1. Count charges around ALA106 for me, please; just the other residues with Cβ under 10 Å from its Cβ, Lys/Arg as +1, Asp/Glu as -1.
2. For LYS114, go through the aspartates and glutamates and keep the ones whose alpha-carbon is under 17 Å away, minus same-chain ones fewer than eight residues off.
3. About the Cα centre of region 9-179, how large is the charge dipole given +1 on each Lys and Arg Cβ and -1 on each Asp and Glu Cβ? Please answer in debye to the nearest 20.
4. Which one, GLN148, SER46, VAL308, is farthest towards the positive end of the dipole of the chain when Lys and Arg carry +1 and Asp and Glu -1 on their Cβ?
5. With viscosity set to 1.306 mPa s and temperature to 10 °C, compute the Stokes-Einstein D of the chain, Rh being the Kirkwood radius across alpha carbon pairs; µm²/s, no decimals.
6. Could you give the spread of the C-alpha atoms of region 178-324 along their three principal axes, from largest to smallest, in whole angstroms?
7. When only DSSP loop residues count, what trypsin sites (Lys or Arg not before Pro) in region 20-101 have their Cβ near at most 10 other Cβ atoms within 10 Å?
8. Cross-link list LYS203/LYS273; LYS159/LYS278; LYS218/LYS273; LYS198/LYS273: which exceed 29 angstrom alpha carbon to alpha carbon?
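Just so it is clear, none of the values below were taken in a lab; they were calculated from the coordinates. This is a predicted model, so every value here is computed, not measured. All Cβ positions, even for glycine, are placed from backbone atoms using ideal geometry, and neighbour counts span all protein chains on display.
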Amino acid sequence: MNDSDKLTKQIPQGYKETEVGMIPEEWEMKRLKEFCKSSAYGPRFSGELYHPHGNVATLRTTDLDNDGNINYQSMPFASINETSFKSHFLVKDDLLITRSGTCGIASVFHAYDKPVLPGAFLIRFRLAENISPHYFRFYINSDSGQSQMQLLTLGGVQKNISGSNLLNTLFPLPPLHEQQAIAEALSDADALISSLDKLIAKKRDIKQATMQQLLTGKTRLSGFTGEWEVKKLGEVIQNLQSGISVNSTDDKVDYSTEKCILKTSSVLYGQFKPWECKRIITSDLNRAKLYPKANSLIVSRMNTPELVGECAFIPKDYYNRQLS
């Protein structure tokens, strides 16, 4: 930072400016290699060794979610000579970082009832005792950490991060007790979010079961009797229209003024999400002429198998949204 930058940017008392922004004065900036005891790429072996009753589990990038949580149940097994790969087996608190495809996602290995090998697209880091791998995982997966990871990615379609670049990258490090406190607070937040997600899923299942009973007449509301009618959809709708396919971009959209095309994700779980849309390229703007109208239903006619047929009620006109 030059002198003019220091004059224009106010640094709060007790903080200092670093390569990753402002951090508390007592925190340090260190390269990963300064607190990493060892690192290794996941080993490769023949695909013919995979076996459902194998003696070794293999952890792949696809067994991690975007927050670095490991799905131990999805790991495949392989029949491998353990002696040949012993140095690669994961131990508790090993830090793992994805190095190819979805680059820069960090995870921490806990335990499993079989030896576990990291996949070839993972890098294993064994950190010093004065570093919390859980703090480090949360930092790398944060917006600040991901910005650093993006700067390290190389390649075109298939992005990659090298172990040497990671080892030479500077990271902010609080004292160990603060690392542990931060990791514990964020773990508690994750646990709360997970419990809320499970509660929402349970409520959604209850709603679906209730809908199945009420909308098929298996359960009748109090005060209602008599026979239901059976009609074709065409007998009860005034108009049926389909959207049109247009070319679009991922550029930022001004929802209030710009015409944009709705994505299939705009209809999900019976809800209409008008913000799920993309900018239409200029040459195709005049081709898109069908917007969601008030008091109508829209139905997803193309999506993944479980989402085809999703529908939602449109409460008002959305003139700047176009149906695809």
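1. Local charge sum for ALA106: 0.
2. ASP63, GLU82, ASP93, ASP94
3. Computed charge dipole of region 9-179: roughly 500 debye.
4. Farthest towards the positive end: VAL308.
5. Estimated via Stokes-Einstein, D reaches 64 µm²/s.
6. 66, 54, 27
7. ARG44, LYS92
8. LYS218/LYS273
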